[in-house]
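The values are calculated or read from the model by the stated rules, or taken from the named source; none is laboratory data. Bear in mind that the values here come from a model prediction, so they are computed numbers and not experimental data. We place every Cβ from the backbone using ideal geometry, glycine too, and count neighbours over all the protein chains shown. The accessibility values were calculated without ligands, DNA or RNA, using every heavy atom of the protein model including side chains. Shrake-Rupley method; radii C 1.70, N 1.55, O 1.52, S 1.80 Å.
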Amino acid sequence: MASAARFDPVACPRLVVKIGSSLLIEAGAVRRAWLASVVADLAARRAAGQQIVVVSSGAIALGARRLGLEKGGRASLEDAQAAAAVGQVALSAVWEALLSAAGLTMAQVLLTLGDLEDRRRYLNVAATIDRLLALGAVPVLNENDTVATTEIRFGDNDRLAARAAQAAGASGVILLSDVDGLYTANPARDASASLIPIVDRITPEIAAMADGGSGSGLGTGGMAAKIAAARIAAAAGIPLAIADGRIANPLARFAATGHGTVFVAGEGARARKAWLAGRLTVAGTLTIDAGAAAALARGKSLLAAGVTQVAGNFARGDVVAITGPDGTIAHGLAGYDAADADAIKGLRGDVQAAVLGYAPRAAIVHADHLVLL
């Protein structure tokens, strides 16, 4: 039960919950009574102060039935795209109805791989999800399979959930699954297989335990995809759990029993921002004063008032170097393009709007998108 406590509202103020096709769809229709029990769990967590982001599969499976497509709509890319176009409308309607009945407001967010790989689009996704949560909505995310291609797609919502958790600034991810966790072997084929409740580190031995198939034939994931998602989440400092979703009120059951597998997160802040430190080239440089450098060392955002010089031709979301009196001290994602950053350098927040012609953002480089070198 201690492992499940990591995902309780107090320890985990923002949670991503992923629901797979095999749980959600049966005989081409939504398992509405089961989904209503999940929504009841979500509503209880919201009432306890936890913000919720849902990643919901099921659009292709639902649309395939309505279009009469074989192999659950996955016989070809074109079939999957067509099924998703039809199924996403129906799936969204069910989510909206059930969340509304529970007093919650649904927001639909369809994402492609590029939306989270491209830095500018990633920032937009992060800002949108953050604003929706601040307004009390429940974002329901899915891959935009209607426009996704074989080459440019997540391919499974397990990894999408982990990447979305990064963008959302989530404190935990729960993958509701048609298995109750990671086993030492496939329990359907090996009676001696035993559940692994805690994974401190994903070793080659742990990875070898994964079964890459989707047992239902409806989804694209499997245990291999869930372990890949756990890697993504752990690298961002976010614990991830695999819990049994086949039962009613699966989130409440997981909280009460702790039955499942929890992948323990790594060192949050450093791991979460490590990709900024050296892998990306910088598009420009922000030179800052000693006071701003000291503020960054305390974990603060970079404000325009502390910037003394702007160099380069960068766009919002590009990686910039931040240079203090003693040299380059950080890399970060620019909150403004070079022209606007240069226009407001050295200015306090209360005078920036008059210069920009629009409401200023919180920072030139937000602490969430900055890493000290």
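Computed quantities for the displayed model
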{"item": "Some residue of segment 337-353 being under 14 Å from residue 285 (Cβ atoms), touching a residue at least 40 places away in the same chain (Cβ under 8 Å) and of a type in the set (D, E, K, R)", "result": "yes"}
{"item": "Subset of segment 126-150 [under 16 Å from the mean Cα position of the chain (by Cα), surrounded by fewer than 20 Cβ atoms within 10 Å (Cβ to Cβ) and either of a type in the set (Val, Ile, Thr) or on the phi > 0 side of the Ramachandran plot (or both)]", "result": "128"}
{"item": "Among the residues listed as 167, 161, 107, the single one being in the same structural domain as residue 264 (by TED's automatic domain parsing) and either at pLDDT 95 or above or assigned to a strand (DSSP E or B) (or both)", "result": "107"}
{"item": "Top-ranked residue in segment 1-55 [being polar (S, T, N, Q) and in a loop (DSSP other than H, G, I, E, B); ranked as farthest from residue 97 (Cα to Cα)]", "result": "3"}
{"item": "Contacts under 7 angstrom Cβ, first residue in segment 356-373 being within 19 Å of residue 170 (Cβ to Cβ), partner open to solvent by 80 Å² or more (accessible area, probe 1.4 Å), 6 or more apart", "result": "367/300"}
{"item": "Tally of residues being of a type in the set (A, V, I, L, M, F, W, C), open to solvent by 70 Å² or more (accessible area, probe 1.4 Å) and more than 32 Å from the chain's Cα centre (by Cα) across segment 327-372", "result": "2"}
{"item": "Candidates 83, 93, 61, 43 - the one that is surrounded by fewer than 17 Cβ atoms within 10 Å (Cβ to Cβ) and either at pLDDT 95 or above or assigned by TED's automatic domain parsing to the domain that holds residue 174 (or both)", "result": "93"}
{"item": "Pairs with Cβ under 7 Å, 6+ apart, first in segment 236-252 and under 11 Å from residue 172 (Cβ atoms) and open to solvent by 10 Å² or more (accessible area, probe 1.4 Å), second of a type outside the set (D, E, K, R) and not in a helix (DSSP H, G or I)", "result": "237/265; 237/266; 239/172; 239/262; 239/263; 239/264; 239/265"}
{"item": "Among (1) out of contact with any Cys (no Cβ under 7 Å at 6 or more places or on another chain); (2) buried (at least 16 other Cβ atoms within 10 Å of the Cβ); (3) farther than 28 Å from residue 316 by Cβ, the one test that residue 184 misses", "result": "(2)"}
